[in-house]
1. Can you pull the semi-axes for region 39-99, root of five times each eigenvalue of the Cα gyration tensor, sorted largest first, whole Å?
2. Could you tell me the center-to-center distance, by alpha carbons, between region 93-124 and region 33-76 in angstrom?
3. Kirkwood hydrodynamic radius (Cα pairs, Å) of the chain?
4. For residue 65, project a label point 7 Å along Cα to C-beta. Then give me every residue of region 71-107 with its amide nitrogen under 18 Å of that point.
5. How tilted is helix 45-62 with respect to the longest principal axis of the chain? Cα atoms for both, answer in degrees (0 to 90, nearest 10).
6. Take 79, 28 and order them by how many other Cβ atoms sit within 10 Å, fewest up front.
7. Using mean Cβ contacts within 10 Å as the protection proxy, how do 108-115, 143-150 order, highest first?
8. In degrees, nearest 10, range 0 to 90: what is the angle between the Cα axis of helix 24-37 and the longest Cα principal axis of the chain?
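Bear in mind that the values in this text are calculations on the coordinates, not laboratory data. For clarity, every value in this text was computed on a predicted model and none was experimentally measured. Ideal geometry is used to build each Cβ from the backbone, glycine not excepted, and the neighbour counts take in all protein chains shown.
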Ligand code: SF4
Ligand code: SF4
Ligand code: SF4
């Protein structure tokens, strides 16, 4: 049987895929990754050189390793691509990234924040002890054994409270879905570090 060839993504498909995210950095990464998923024709220098570097810079922002220089460089790449790209795909990608860079939510990643709580390196999952009824549902669902604590047992005192071991947590989000008390929340790492430093 003949294998069906995958249809190349159109700009509309890329836009729809990017819109599944809220974070402008994540959205930009979707654009550049889809752009680079197809063979590079190399007709315009700023695109053939800059697009790979743009992907590296965006990944650095997502991974909380970026500095002001990464944003400046990204801005320059997008603006050069916008001017020089000979194809619509190159222009649309550059235009999209150029617009996102100017957003406050984009820049806040430099302070260790992802306001849309989507960049895993910028967030952590925590349990609010006052809301937790120690039902154990979160622990049952965590495949990474990142939740410590003991289910509440009647007539026993000295429970081990439920807590998330940050080093083991892969931030999959499964525990939040099952907690009936809304006791698990996503917190910006920058904010929690501020609290520790306070
Ligand atoms: S912008 Fe378009 S035409 Fe120019 S190198 Fe990139 S893919 Fe090729
Ligand atoms: S986010 Fe995922 S890995 Fe982390 S504690 Fe919850 S279920 Fe476990
Ligand atoms: S599911 Fe919610 S209420 Fe139950 S133990 Fe986990 S954090 Fe506590």
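1. 21, 11, 9
2. Result: 15 Å between the Cα centres.
3. About 19.4 Å for the chain.
4. 71-74
5. 10
6. So the residues, fewest neighbours to most, are 79, 28.
7. Taking the mean over residues of other Cβ atoms within 10 Å, the ranking is 108-115, 143-150.
8. Value to nearest ten degrees: 50.
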